[in-house]
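Take a look at the structure below.
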There are 2 protein chains.
Amino acid sequence: MASQYDRDLDKNPANYQALTPLTFLARAAAVYPDHCAIRHGNLSYDYKEFYARCRQLGSALSKAGIGKNDTVSVMLANTPPMLEAHYGVAMCGAVVNTMNTRLDAKVIAFSLDHAETKVLIVDKEFSAAVKEALTLTESAKPIIIDYDDSEFEFAAEPLGNIDYEDFISAGDREFDWIKPDDEWDAISLNYTSGTTGNPKGVVYHHRGAYLLAQGNVITASMPKHPVYLWTLPMFHCNGWCFTWTLSVLGGTHICLRHVRAKAIWDAIADHKVTHLCGAPIVMSTVLNAPEDEKRQIDHAVEFFTAAAPPPEAVLAGMTDAGFNVVHLYGLTETYGPAAVNDWDSRWDELPSGEQAAKKARQGVPYAALEGLDVIDPETMQPVPRDGKTMGEVMFQGNIVMKGYLKNKATSDEAFAGGWFHSGDLGVMHEDGYIQLKDRSKDIIISGGENISSIEVEDTLFKHPAVQAAAVVAKPDEKWGETPCAFIELKPGATVSEQEIIDHCRANLARFKVPKTIVFTELPKTSTGKVQKFKLRDTAKAL
Amino acid sequence: MASQYDRDLDKNPANYQALTPLTFLARAAAVYPDHCAIRHGNLSYDYKEFYARCRQLGSALSKAGIGKNDTVSVMLANTPPMLEAHYGVAMCGAVVNTMNTRLDAKVIAFSLDHAETKVLIVDKEFSAAVKEALTLTESAKPIIIDYDDSEFEFAAEPLGNIDYEDFISAGDREFDWIKPDDEWDAISLNYTSGTTGNPKGVVYHHRGAYLLAQGNVITASMPKHPVYLWTLPMFHCNGWCFTWTLSVLGGTHICLRHVRAKAIWDAIADHKVTHLCGAPIVMSTVLNAPEDEKRQIDHAVEFFTAAAPPPEAVLAGMTDAGFNVVHLYGLTETYGPAAVNDWDSRWDELPSGEQAAKKARQGVPYAALEGLDVIDPETMQPVPRDGKTMGEVMFQGNIVMKGYLKNKATSDEAFAGGWFHSGDLGVMHEDGYIQLKDRSKDIIISGGENISSIEVEDTLFKHPAVQAAAVVAKPDEKWGETPCAFIELKPGATVSEQEIIDHCRANLARFKVPKTIVFTELPKTSTGKVQKFKLRDTAKAL
């Protein structure tokens, strides 16, 4: 006989609902109808209007025959339609595929095909690449919707004959949108820009999006009505789920089409921005702005950074400029951030170098992540908590992806042993904080000794002339490999190769000092990550 | 063929875990091991110790043969074992039944039997009532564990031969605790102290406890490491789930055995309490403390109140004393608070009377609650948003109970039509905020006109001599019913019946003015709710 706690206590519509971030928007529209939801140049929408526009999009898609599990791909900048796509697409049961706007035609074509795209919404700025991509697709024949941003001028012809505003205006502002049958249903698709092979389509579900949207609120101690500036591309892990987080709190999205220092400073000062996110390169952009573009900031601003540990010099500069920097860590496969460098206030007493060392660690799990550990992938045993033994960083929990779309073999491999294998190598410190120590291919093995490229880069960053630096392995007959440093200098700065080497010698073990120095602009992905594979090729050819 | 989004994208241990608040404690112990988790008099435990003690409790229960879906009943004050019971009991798969410590032996016996209690943990302070109850039980023969609080002296003999500290010391500090198979599994049982009939056993599940624990963080904008004072009994809806909320943030529980003004003021000043909860009677206790018991408070303190709308005079007093009062609303069936009087900062500009009127409204749903409405229970249609038309307040969502234990008929009735019927009557305002207008039996019908007892009470509260007031119907030959007011005066205050009537005439429609005034101490439940059924009997007998 079933236990008394399992009898006559079933799920019903009164006590069970599938978790979905769509309810956050419905609630925000009910509770904060006239609070500003979105600002984009001279445009602004309150929550009542934002919600109505999302419902219109869902309704119009539904009328166009789009429904459960259909893919709507979007090639959009950080503009209102991109935010609307994060809700409106799911409102008709479909899945939004947010494409990286800097991809080339070939990769665009691949993902349009692979995702079985039914509808494609394209910003005029990206028409050329998409136009070419459409000549390369094998199976995808999507309905094309053009978005012509009234705040910006682009010289391009529409790709189709449906304008975004016309399209949604045919939709119902009170559309009775479709709740997911199951919180495990897909909500979005994010292709990872891998360095080799075809991109992998990472599938998110409603449950994970709901939990990480709230997880951001809790981890970041975000209060009601934050003002959030979109320096992070929304196509990157759905903007680390902040696209949905803001609705939990009735916050204001400040759109930003191009990451430019002046626009960032102006937005922060004029709109009283309280939160923004981005790779360390965004912080450098902010700090290295010409003095006449910088503005006086009199309120607290939180900057969440990820993708690489914040270099000490950048951290110090951000603190001086009035920003509080929080270091997050995660992957596309974990909905964006899933770990946080949870700052212990006792560390405030440490000298700034030691503070930066603490801040460089990737940290501890979000409350929404059930497991985070550094594990030996052979034995699947956690490594000792000694801050030295390397292992693979692995994740377990509800904010880990559903899997890779139509890629069972890769999914199975990624989930082997009941943990998500990140591919990132790291150590576990005694206090339970993890720290990345390069992806395996980023480790330089010189004369049998492992050299962490991160450690060398961190040293380079401390030199006052260095704006950005990347270190890779250069094949060497004698040593196997040696460190080769690529350095981007600050505007107007000059420094010799020897000065850099002297600086490294003063701060690093001899064998870790770069043998080769190249002054150049670093090649970066659209999300600000340095493309090391290109540098590796360059180093090899030197 | 299944959609591409439903193929090879199944749940596995890497990407799916049952939601449970137990993981919050495990994380807090890992991330904040030496942060203070509990203070009780001279005792204090850090998170490492708190977690170890909970695991010991789970392990010891497990060794005693307690497992999945067994009931562990506790009769405990706001002390460390009560917090440990909120985690340790579930760690062996069992369900914690937190009993109201002010109940009489007969009701205790009923719930021990009904819950099929296997273990009973009893605080020495309540030994007498429990001893008597154990002579009245029909089937329950629980293992008895006595808790003798080292911080307080009580003259009572232990009921059994197992001491709490001895019991848990036999448990394993590194117990591999049991995660729920299913987040729908029961975590706790809360008997409602109904005014008629047998108490109903409200069953909570892990999913709801997880979601409301986080919901409190978000609704209350609680930052990391709050300091929470236990003025609310933890036996009341598991302390509105704040028992679990604090672990999300690594907060500090300040235990409080007895709700006394001096102890509250001292705790707030000495421990820098940031948050506390309670019925309005707790606010009155705080405000009416002798001046020499009050302390200077230089930091922000948030007071969450529920059970009755905060009276205007009390609100003003709290504001002057430096507290920010937030009005919450919910029922045992909704895990405690599920609605919040979400304060619009524009209301700060209103005169204080209008502000109090806004603050008296029960408000809008928590982000974790999917539906809250005022509905005509006959037609199941929402009432007009006019602030006038009465209907029944109904809830829908994941923070609604699993149901009533072994009470299918009552559960079915409560969930009829896919909504949880609260039994509370109210109106929906134009702006989407709900406001209670009495439970049906609290409405006074005089000469065919409905009189809201809340409205009359609110008027009485505004009189400077009134400490507490309750208004009920008194049978009347001519009018059917008339309002009868029971008034508790402030210490040392004097006022005549006529002065009260004049005050009401100046502020209320004539027919709403009480015809009878009784000066007396109000009978209250252990949670501070006025026992109106007793007053109704008195009024009838007058």
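No lab work stands behind these numbers, since they all come straight from the coordinates. Remember, it's a predicted structure, so these values are computed and weren't measured experimentally. So basically every Cβ, Gly included, is an ideal-geometry build from the backbone, and we count neighbours across all protein chains shown.
Label point of residue B:135 (7 Å along Cα→beta-carbon): distances to the other copies' equivalent points are 9.7 nm, sorted ascending. A simple rule links phi to the HN-Hα coupling: the Karplus curve 6.51 cos²θ - 1.76 cosθ + 1.60 with θ = phi - 60°, which for region A:56-63 gives 4, 4, x, 5, 5, 5, 4, 4 Hz, with x for Gly and Pro. Reducing region A:1-65 and region B:225-260 to their Cα centroids gives an inter-centroid distance of 31 Å. Using only the C-alpha atoms, the convex hull of the protein assembly as shown corresponds to 188 Å³ per residue. The distance from the alpha carbon centre of region B:401-425 to that of region A:158-186 is 36 Å, rounded to a whole number. Residues whose amide H lies under 5 Å from that of residue B:375, counting only those 5 or more places away or on a different chain, are B:383, B:392, B:393, B:394; hydrogens are built 1.01 Å from N in the peptide plane. Global dimensions of region B:215-280 from alpha-carbon coordinates: Rg and Dmax equal 11.3, 31 Å. Each residue of region A:11-24 is assigned a 3J(HN,Hα), and the resulting list reads 5, 8, x, 6, 10, 9, 9, 5, 5, 7, x, 4, 5, 4 Hz, derived from the Karplus form 6.51 cos²θ - 1.76 cosθ + 1.60 (θ = phi - 60°), x at Gly and Pro.
The chymotrypsin sites (Phe, Trp or Tyr not before Pro) found in region B:1-66 include none that occupy coil by DSSP while having at most 11 further C-beta atoms within 10 Å. The GluC sites (Glu not before Pro) found in region A:76-141 that occupy coil by DSSP, while having at most 13 further C-beta atoms within 10 Å, are A:138.
Across region A:227-242, coupling constants 3J(HN,Hα) worked out from phi with the 6.51/-1.76/1.60 Karplus curve, θ = phi - 60°, read 10, 10, 9, 8, 7, 8, x, 5, 6, 9, 6, 6, x, 6, 6, 5 Hz, and Gly and Pro carry x.
Once the convex hull of all Cα atoms in region A:80-233 is built, its volume per residue stands at 155 Å³. Looking down the axis that turns chain B into chain A, the chain B residue with its beta carbon nearest that axis, and the gap rounded to whole angstrom, comes out as B:214, 3. For region A:259-439, the spread of Cα positions along the three principal axes, ordered from largest to smallest, is 56, 41, 25 Å. Loop-located GluC sites (Glu not before Pro) across region B:141-220 with a Cβ neighbour count of 11 or fewer within 10 Å are B:153, B:174, with loop assigned by DSSP.
Counting only other chain Cβ atoms within 10 Å of each residue's Cβ, the peptide B:410-423 averages 2.
Across peptide A:282-288, the average count of Cβ atoms from other chains found within 10 Å of a residue's Cβ is 0. For region A:491-542, the Kirkwood estimate of the hydrodynamic radius, built from every pair of different alpha carbons, is 13.0 Å.
Extent of region A:237-320 along its three principal axes (Cα atoms, max minus min coordinate, largest first): 35, 29, 23 Å. Residues whose amide H falls under 5 Å from that of residue A:187, counting only those 5 or more places apart or on a different chain, are A:204, A:205, A:206, with hydrogens built in the peptide plane. Normalised by residue number, the volume inside the convex hull of the Cα atoms of region A:447-541 is 98 Å³ per residue. Across the cross-link table entries B:131/B:490; A:358/A:406; B:200/B:524; A:359/B:48, which are compared at the Cα atoms, the separations over 29 Å belong to B:131/B:490; A:358/A:406.
Relative contact order of region B:22-206, taken over Cα pairs closer than 8 Å and 6 or more residues apart, is 22 percent. Annotation: amide H of residue A:519 within the under-5 Å range of A:487, sequence separation 5 or more or interchain, hydrogens built in the peptide plane.
Per-residue shielding of B:398-405, expressed as the average number of other chain Cβ atoms within 10 Å of the residue Cβ, stands at 5.
When restricted to Cα atoms, region A:417-479 yields an Rg and a Dmax of 14.5, 46 Å, respectively. Viscosity 0.692 mPa s, temperature 37 °C: Stokes-Einstein D of chain A from its Kirkwood Cα radius, in µm² per second? Roughly 134 µm²/s, to the nearest whole number. Only Cα pairs under 8 Å and 6+ residues apart enter the sum, and on that basis the relative contact order of chain A stands at 10 percent.
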